[in-house]
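Enquirer: Below you will find the structure I want to go over with you.
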Amino acid sequence: MASLKDREAAFEAKFAHDSEMLFRAEVRCNRALGHWAAGLLGHEGPARDEYLAALLRADLGEPGHEDLIRKLTADLQGRADEATIRARHAQALSEAKAELSDT
């Protein structure tokens with residue numbers, strides 16, 4: 001019975017670790033996406049920082065990243081289409097996960 005409790009504790013610890021790593025990857029992804037979008041919009045310095053903060057707040061609206069995609073699509077109208085934004089998001093998330101797995 002103790003081994004079942006040990007396995008359960010190990011699975012719970014792994015789940016918590018995986019959840020934290022996914023959260024960190026999503027934050028890094030959103031930050032990278034925000035820097036990219038701010039560059040397209042011509043924001044620099046404090047304006048870039050304010051835009052990044054607004055973007056991170058927009059991602060808190062609902063679970064997942066669709067709220068972030070909608071905001072970026074609206075903000076980048078004429079500069080990048082939704083498909084480009086989604087591709088950039090996928091790339092940034094992949095890179096963030098790779099960076100975290102290297103540490």
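Enquirer: Test residue 49 against the stated conditions and say whether it is surrounded by 17 or more Cβ atoms within 10 Å (Cβ to Cβ) and of a type outside the set (Lys, Arg).
Expert: no
Enquirer: Hey, does the range 48-61 have a residue that's touching a Lys or Arg at 6+ places or on another chain (Cβ under 7 Å) and over 19 Å from residue 91 (Cβ atoms)?
Expert: Checking the range 48-61: at least one residue is touching a Lys or Arg at 6+ places or on another chain (Cβ under 7 Å) and over 19 Å from residue 91 (Cβ atoms).
Enquirer: Among the numbered criteria (1) at pLDDT 95 or above; (2) under 13 Å from residue 25 (Cα atoms); (3) surrounded by fewer than 14 Cβ atoms within 10 Å (Cβ to Cβ), which one does residue 87 miss?
Expert: Every listed condition holds for residue 87 apart from (2).
Enquirer: Select from the range 15-64 the residues that are in a loop (DSSP other than H, G, I, E, B), among the charged types (D, E, K, R) and modelled with pLDDT under 90 and write down the one among them that is farthest from residue 77 (Cα to Cα).
Expert: Applying the filter and picking the extreme gives 62.
Enquirer: How many residues are closer than 16 Å to residue 22 by Cα and touching a helix residue (DSSP H, G or I) at 6+ places or on another chain (Cβ under 9 Å) when one looks only at the range 57-89?
Expert: Residues that pass the stated criteria total 4.
Enquirer: Taking the range 58-82, which residues are surrounded by fewer than 17 Cβ atoms within 10 Å (Cβ to Cβ) and over 18 Å from residue 41 (Cα atoms)?
Expert: 60, 61, 62, 63, 64, 66, 67 - these are the residues of the range 58-82 that are surrounded by fewer than 17 Cβ atoms within 10 Å (Cβ to Cβ) and over 18 Å from residue 41 (Cα atoms).
The values are calculated or read from the model by the stated rules, or taken from the named source; none is laboratory data. As the structure is a prediction and not an experimental result, all values here were calculated from the model. Note: ideal-geometry Cβ built from the backbone for every residue, glycine included; neighbour counts use all protein chains shown.
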